[in-house]
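Below: the structure, in structure tokens.
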Amino acid sequence: MDMKKRIEDVQRAMGEKQIDCLILAPSTDLYYMTGFRGIAMERPVFLIVLREEAYFILPRFEADDLQKEIKEQIPCILWQETEDPYEKAAACIGNKKLCIAAGDTMPHVMAYRLARKMEHASWCLGGEVMEVLRARKDAEELEALMAAQVRSEAALSRTLRQGLSGYTEREVALRLKGHLEEEGLVCQGLPLVASGQYGAMPHHQAEDIKICRQDAVIIDFGGSYEGYYSDITRTVAVGKAPEGFEEVFGIVRTANEAAFKKAKPGITCGCLDEAAREVIREAGYGKFFTHRLGHGIGLDIHEPPYIVAGNRSVVQEGNVCSNEPGIYLPGRFGVRLEDDLYIGPEGASCLTGLGHEILIVD
């Protein structure tokens, strides 16, 4: 990661948006800028970026753990437990009529205390600066995203080879989580495993429900590698596909592939959503596609751009986003097919190596 370049990119974006200062607390934004994770707690840690300079503010007792690269490139202002860290931050910035952007996930109590120290400043959200920069992945980020994909796919293959019939959703989810971690991924929470009629609930969480033959099973899973996520969904049939499954799966597959062909720089997020939605609507299942087509993927599993109807934001080269159309039939089953796409200069490439064929598993 080129920390110097990322700070310069932020300062350039601040200038374009007439923002004088950006303040980030521990978050994926801070990790993106510095590689420092930290822990969001009551002791403030701030990266303060001004138009011409930057400062890192943190407790003195944590200074020894700070990466050497940060110490070499960013002046560090340390505070003792008996000192007021908000006073330290205000001294860096100055109590002037400045426009200050606070990180979107900064605890509100910290933003409030900062604002009390800088009464003449106006405030906005840090996402105005960070979202555009983070949405366009560089080569290093893309490499990590691809590694997360490959490792996730290997974990799913291992899980399916062990069979689904007779196990509970939770047992399968725990097994898949274990394989993801064995492949070197960080996996927070349990993967989504939804069988039979529960697959008609797009975000059904794995429960102690036994998976039976002729169930359709949605498996939505992934993990992070060096901080960057994969997000993949496959729907499989156990033993034999339920009635109507092949038709619905074919429609969802066609919708996925239609969106893939349309994905390129310059198309609006809303138009990309419509490319898949039109296929499902024309097939007579429009009311059963109940969520957006997709979302950006990076250091957060859900981040801009959001591929949803009405969003006029433009897809740009370097974006990585999910492509996940679905049809959910209450009381019967659901089908979702999710790939992760990288938007190149001419169009999309699919980072997900898994195929689109119907999988029948034991």
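Between the alpha-carbon centres of the range 261-313 and the range 113-168 there is a gap of 18 Å. Peptides 262-274, 73-85, ordered by how many other C-beta atoms sit within 10 Å of their residues on average, highest first, read 262-274, 73-85.
Report note on the peptides 311-321, 294-304: ranked by the mean count of other C-beta atoms within 10 Å, highest first, their order is 294-304, 311-321. Compute the FRET efficiency between E246 and T105 as 1/(1 + (r/R0)^6), taking r as their Cβ-Cβ distance and R0 = 35 Å, and round to the nearest 0.05. Result of the calculation: an efficiency of 0.20. Share of the range 249-293's accessible area from carbon and sulfur, percent, 1.4 Å? Ligands and nucleic acids excluded, carbon and sulfur give 52 percent. For the pair E207 and E182, the difference between a 0.36 nm per residue extended length and the Cα-Cα distance amounts to 6.7 nm.
Residues in the range 347-356 carry Karplus couplings, in order, of x, 9, 10, 8, 6, 7, x, 5, x, 10 Hz; the curve used is 6.51 cos²θ - 1.76 cosθ + 1.60 with θ = phi - 60°, and Gly or Pro positions show x. Please work out the Cα center distance from the range 227-243 to the range 58-75, rounded to the nearest Å. A separation of 44 Å, based on Cα centres. Estimated purely from DSSP H runs of n ≥ 4, each contributing -39500 (n - 2.57), the mean residue ellipticity at 222 nm for the chain is -10500 deg cm²/dmol once divided by its residues.
In the set (i) 1.11; (ii) 1.07; (iii) 1.01, the label that goes with Cα Rg over 2.2 N^0.38 Å computed for this structure is (i). Most simply put, the chain has about 75% antiparallel DSSP beta bridges, counting only bridges with both residues inside it. What does the charge count around M106 come to, taking other residues whose C-beta lies under 11 Å from its C-beta (Lys +1, Arg +1, Asp -1, Glu -1)? With Lys, Arg at +1 and Asp, Glu at -1, the neighbours total -1. Counting only protein heavy atoms and a 1.4 Å probe, the chain has 45 square angstrom of accessible area per residue.
Rolled with a 1.4 Å probe across the full set of protein chains, the surface gives Y198 an accessible area near 70 Å². Each of S165 and E128 was given a label point 7 Å from its Cα along the Cα-to-Cβ line. The distance between the two points is 6.0 nm.
Listed cross-link partners K137/K261; K71/K117; K177/K287; K240/K287; K68/K137 are compared with a 28 Å cut-off, the Cα-Cα value being larger for K177/K287. For the range 210-216, putting each phi into the Karplus relation 6.51 cos²θ - 1.76 cosθ + 1.60 with θ = phi - 60° gives couplings of 6, 7, 10, 4, 6, 7, 8 Hz, in residue order, rounded to whole numbers and with x for Gly and Pro.
When only the Cβ of Lys, Arg, Asp and Glu is charged (+1, +1, -1, -1), the dipole of the chain relative to its Cα centre reaches about 580 debye. Taking packing as the residue-averaged number of other Cβ atoms within 10 angstrom, the listed peptides 188-194, 323-329 run from highest to lowest as 323-329, 188-194. Which FRET efficiency, nearest 0.05, do K17 and Q73 yield, Cβ-Cβ r, R0 22 Å? Computed FRET efficiency for K17 and Q73: 0.40.
Does the range 147-288 come out rounded, prolate or oblate by the C-alpha gyration tensor, with a ≥ b ≥ c the root eigenvalues, rounded set by a/c under 1.5 and, if not, prolate when a/b is larger than b/c and oblate if not? Because a/c hits 1.5 or more and a/b fails to exceed b/c, the range 147-288 counts as oblate. Look at where the Cα atoms of the range 315-352 and of the range 170-221 average out, and the two centres are 19 Å apart.
Charge dipole (Cα centre; +1 on Lys/Arg Cβ, -1 on Asp/Glu Cβ; no other charges) of the range 1-69 amounts to roughly 60 debye.
The values are calculated or read from the model by the stated rules, or taken from the named source; none is laboratory data. It should be emphasised that the depicted structure is a prediction, and the values quoted were computed from it without experimental measurement. Cβ: placed from backbone, ideal geometry, glycine included. Neighbour counts: every protein chain shown. Protein only, heavy atoms only, side chains kept; ligands, DNA and RNA dropped before computing areas. Shrake-Rupley method; radii C 1.70, N 1.55, O 1.52, S 1.80 Å.
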